[in-house]
1. Condition (residue is surrounded by 20 or more Cβ atoms within 10 Å (Cβ to Cβ) and more than 16 Å from the ligand (Cβ to nearest atom)) applied to region 225-236: is it met by at least one residue?
2. Would you check which residues across region 201-222 are away from the ligand (no atom under 15 Å from the Cβ), closer than 20 Å to SER171 by Cα and either in contact with a strand residue (DSSP E or B) (Cβ under 8 Å, 6 or more places away or on another chain) or in the same structural domain as MET284 (by TED's automatic domain parsing) (or both) and list them?
3. Of the residues ASP357, ASP344, ASP398, which is at pLDDT below 95, surrounded by fewer than 13 Cβ atoms within 10 Å (Cβ to Cβ) and outside the structural domain of SER200 (by TED's automatic domain parsing)?
4. Just to verify a result, which residue in region 9-41, among those that are assigned to a helix (DSSP H, G or I) and of a type in the set (Gly, Ala, Ser), is nearest to LEU73 (Cα to Cα)?
5. Which residue, of VAL261, VAL273, is crowded, with 18+ Cβ neighbours inside 10 Å, over 14 Å from the mean Cα position of the chain (by Cα) and either assigned to a strand (DSSP E or B) or away from the ligand (no atom under 16 Å from the Cβ) (or both)?
6. Name, by its number, the condition in (1) within 21 Å of LYS309 (Cα to Cα); (2) in contact with a Leu (Cβ under 8 Å, 6 or more places away or on another chain) that does not hold for PHE340.
7. Going through region 161-206 one residue at a time, which ones are touching a helix residue (DSSP H, G or I) at 6+ places or on another chain (Cβ under 9 Å) and among the basic types (Lys, Arg)?
8. Mind checking which residues of region 286-308 are within 14 Å of the ligand (Cβ to nearest atom) and in contact with a helix residue (DSSP H, G or I) (Cβ under 7 Å, 6 or more places away or on another chain)?
Amino acid sequence: MTPEEYGRSFDARIEELIGDAAERIEPLAARCESAGLLPSEVIDLDSLDRIDPLTKDALLALQQDDPPFGGMLDPEADVRRYFQSPGPLYEPELNRPDPWRWSSALTAAGFGPGDVVLNAFGYHLSPAGAMFEEGARAVGAIVVPAGVGNMDLQIQACQDLGVNAFIGLPSYLKALLEKASNTPLGIKKAFVTAEPLPPSLRTWLEERIPVVRQGYGTAEAGNLGYECERGEGFHVPSDALVEVCALDTGLPLWDGSEGQVVVTLFEPDYPLVRFGTGDLSRFMTEPCPCGRVTPRLAGWLGRVGDAIKVRGMFLHPLQAARALADLPGLAAFRFVIDRFEHKDRLTCAVVPEGGVDPAELAGKVAERIRSVLRFRAEVEPVDHLDEGPVIEDRRTWD
Ligand SMILES: [Zn+2]
């Protein structure tokens, strides 16, 4: 399918979704109205595309006005888990097999029955750990819920339990392999996501692991794309509508132009419709030689807004500023993100007020960042900071 044929293949599902969900979900009906449409008039891709993308900030505002889910979740819905992402933004997980739809991505990476998977995504509050566990279980694999940290114990578990597959950040996989340098881990396939995989890191990993595949998705929407054996771009899933939309008009760009990734999930109890991920990408217009029918995204090309992904988690300038705003003794601060040995490094430069002990202040700032933002950061006292952004991103990806 061409990108546009893929988009138009959802016409019947769009009509069914909106007709059903807008009766129960008031914010969805309101968005149709803002577009000058009755819900019954949203019957295909063209009418759906008249609805403005819902930004992450707008979803956050909905949730804050009407906690916890902004009226987006049917009160009768069968829910299994609630998650909290940075913002804080809350996500419900509906009670059904593979609710985040990662099984197609894991199957393409060669995961299947009999595999023993080390799942090195976090299980604390945010969805990634449980999300990928559901996907791995859906393809019949056994999951070791490793989370992040305790690498020595994870290495031992790999050896004792016969772990042969990995899910997590690529930088974490590299660190794990380095830590285990003298002991072969037996990992034969790896599915990595949530941060870019630069060519140099990919080569490093592929010298040690036969199959390394990337996925692309978000905490709100789950699987939005995955690599096949060609490793050239991300096939969009057939069970969610992924569009690339112009930043000004919100209209889809099927011709390979760059725009925002906008997703519609066909889930009437939690209808995430035209959700703007804030990620930039573009469609590849040529078909993939692998024979899969869905088109491919060219990968992650940046962020629409200011929220910045660090170590697979979003850091919002507003949230970062708020976290430190009322800390006594702190005159000014700035977060700096760079890359060190293929890992994101977050530092916070701080200017102490007169008479304040820099080391003591640094300790307090580090603790506040850990507890409020859930990031570890190195804190560097400095004498002076020029005017500038709250977060300075110095990373390069080559
Ligand atoms: Zn392919």
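1. For region 225-236, residues surrounded by 20 or more Cβ atoms within 10 Å (Cβ to Cβ) and more than 16 Å from the ligand (Cβ to nearest atom): absent.
2. ARG202, LEU205, GLU206, ILE209, PRO210, VAL212, GLY217, THR218, ALA219
3. ASP398
4. Per the criteria, the residue is ALA21.
5. VAL273
6. Going through the list (1) within 21 Å of LYS309 (Cα to Cα); (2) in contact with a Leu (Cβ under 8 Å, 6 or more places away or on another chain), PHE340 breaks only (2).
7. Correct list: LYS174, LYS179, ARG202.
8. THR294, PRO295
The values are calculated or read from the model by the stated rules, or taken from the named source; none is laboratory data. Everything numeric here is computed off the predicted structure, so don't read it as measured data. Note that we place each Cβ from the backbone using ideal geometry, even for glycine, and neighbour counts take in every protein chain shown. Side chains included, ligands, DNA and RNA excluded: accessible areas come from the protein's heavy atoms. Shrake-Rupley method; radii C 1.70, N 1.55, O 1.52, S 1.80 Å.
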